[in-house]
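Down below is the structure, laid out as structure tokens.
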């Protein structure tokens, strides 16, 4: 049971506990109540007030909140958007961290739905779209192929993938050119030292007593 503290909610989800969230009804522009209602609507918690706690406990007791570790990409995307809507950065940070972990483990079920949600939120200018593009470029060849075949992914994502690949190619070429220039400079420096070294040897041999 908690008062909409993002950290407590996430801890409860990690442990798979039944959550009862009680917003502070005295606040102006009561985002806490809206968040509590949304958490209940999505099945993450039971929303209550101080007067209805007994009924909330009866309702929540037989159920169990999904463990955060078991939640898939789609549910995490919804949590991330919730955190953005209700200005709960801790919720967003934890959700995006879990997304990175899941993708790193190769668990990409629901990835396409995540992409659609990401590009429909804030006109696509958010951390989830960056994560989606990076995933396509670095993690999974099948996803990369689907992008080019136009299999339900937004055109904006294909353009972002192209930009990232182009930037990566330019960086690679620049690094390659820098390495070659350094090798040439080192070679030229070595060759310029040879006459000086030879003179030093000659001087040393002449100056040494016979």
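The values are calculated or read from the model by the stated rules, or taken from the named source; none is laboratory data. What you see is a predicted model, and the numbers here were worked out from it, not measured in a lab. Glycine gets a Cβ as well: all are built from the backbone with ideal geometry, and neighbour counts include every protein chain shown.
Observations on the structure shown:
- Of all the criteria given as (1) surrounded by 15 or more Cβ atoms within 10 Å (Cβ to Cβ); (2) under 23 Å from residue 86 (Cα atoms), the one not satisfied by residue 122 is (1).
- Those residues of region 138-154 which are at pLDDT 80 or above and either surrounded by fewer than 17 Cβ atoms within 10 Å (Cβ to Cβ) or in contact with a strand residue (DSSP E or B) (Cβ under 7 Å, 6 or more places away or on another chain) (or both), in sequence order: 138
- Any helices (runs of 4 or more DSSP H) falling wholly within region 70-131 and containing at least 1 residues that are over 14 Å from the mean Cα position of the chain (by Cα): 73-85, 111-120
- Any hit, region 167-174, residues being surrounded by 11 or more Cβ atoms within 10 Å (Cβ to Cβ) and under 28 Å from residue 43 (Cβ atoms): no
- Any hit, region 153-168, residues being in a loop (DSSP other than H, G, I, E, B), touching a residue at least 40 places away in the same chain (Cβ under 8 Å) and under 23 Å from residue 105 (Cβ atoms): yes
- For residue 87, the stated conditions do not hold, so it cannot be described as surrounded by fewer than 17 Cβ atoms within 10 Å (Cβ to Cβ), in contact with a strand residue (DSSP E or B) (Cβ under 8 Å, 6 or more places away or on another chain) and modelled with pLDDT under 85.
- Top-ranked residue in region 42-69 [being at pLDDT 75 or above and part of a loop (DSSP other than H, G, I, E, B); ranked as nearest to residue 123 (Cα to Cα)]: 42
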